[in-house]
1. Answer yes if at least one residue in the range 104-127 is without any contact (Cβ under 8 Å) to a residue 24 or more places away in the chain and assigned to a loop (DSSP other than H, G, I, E, B), and no otherwise.
2. Scan the range 152-172 and give yes if some residue there is assigned by TED's automatic domain parsing to the domain that holds Pro276 and outside any helix (DSSP H, G or I), otherwise no.
3. Could you count how many residues in the range 134-159 are more than 22 Å from the chain's Cα centre (by Cα) and exposed (fewer than 14 other Cβ atoms within 10 Å of the Cβ)?
Amino acid sequence: MAIHSVAPAAVCAAIAVVLGLRAIRAGARKPGWGAVAAAAFAVLMGVLAQRSSAANLDEAFVWSALIASMLVFATPLVYASIGGMFAERAGVVNIGLEGMMLMGAFFGILAADRTDSWVLGLVLGIVAGAALALVHAYFAIHLRADQIVGGTAMNFLAVGITGYFFVDAYSGQDIPPGILLIPELDLGIGDIYFIGPVIGELNLMIWVSFLLAVVAYVVLFRTPANLRLRACGRHARHRRLPHPLCRCRHLGCTQNMTGGRGFIALAALIFGMWRPFRALGAAMLFGFSTALAYRLPVYSESLPGIEVLVQALPYVLTLIAVAGVIGRSTPPAAVGRPYKKQ
């Protein structure tokens, strides 16, 4: 039986706040603040419970559609987080993921629009993202610029470049419809219960993202060549590195990064502890939160303030991951350190 009352949630929130404050006073700050966050979540769930109904639940929690949407939203995060993982494994902090993804997304769409070819659009998107990555690599490696500041500059540079060409190409209006999209793969299993709606007709890039995680794992942990790449991220000043470190770091900074949410992808990278499959799982988590955020506004037709909170769900999870409430990650030992030959 559904409980259409905020009272149980309010009781749980009060208990969580009391226990959280006691934990904070006792010195256990992380679990204490976690309890306070749980209280806020309980209040949100209580408000949603007041609007719960069979119709709303059926619309918001169609699990096959929700999972399919999760895969869509998670895919660009997978590409970006794995691309950033190669850069940071090589010792270069990649705060500029957002800018690289923005470059790839805009110029990919522009090329697909002007050439009527999704293949050329994909190729130019890769080239655009990699070009900005090379600029970041040049400043970080050869000029030894601060990598955090440099990555932030790359984000602003991408906003400026794409903004200029957007106005030049489309006069600041919406991008016209009819652009060729990357096709979906029909597996012919659409009639199978639950499985069909989830994976029966996924976009090609979703399947490639799964393959990319496998390939990244093999390359990073099962090939001799990339022991050098990982060594670059651990020993920035070691005299006996078996390969020129600057070349390794450049290779790490030019991986394929396509459009999406760069800062959430960076959080997925950190939360995934710089490992391909964990980064894939983190991207799926953030993708699920985004998919859920798009479906939950059915609860808030008369509560616009709640709708804003719901749409913030992916960013709240990002903050939790980066702040280390769920767990702390240990980055490569020499990440962010400029190379100085001894």
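1. no
2. Just the residues of the range 152-172 that are assigned by TED's automatic domain parsing to the domain that holds Pro276, to begin with: 152-172.
If we keep only those that are outside any helix (DSSP H, G or I) as well, we get 171-172.
Yes; the residues of the range 152-172 include at least one that is assigned by TED's automatic domain parsing to the domain that holds Pro276 and outside any helix (DSSP H, G or I).
3. Count: 3.
The values are calculated or read from the model by the stated rules, or taken from the named source; none is laboratory data. Computed from a prediction, not measured in an experiment: that's the story for all the values here. Using ideal geometry, Cβ is built from the backbone for each residue, glycine included, and neighbour counts are taken over all protein chains shown.
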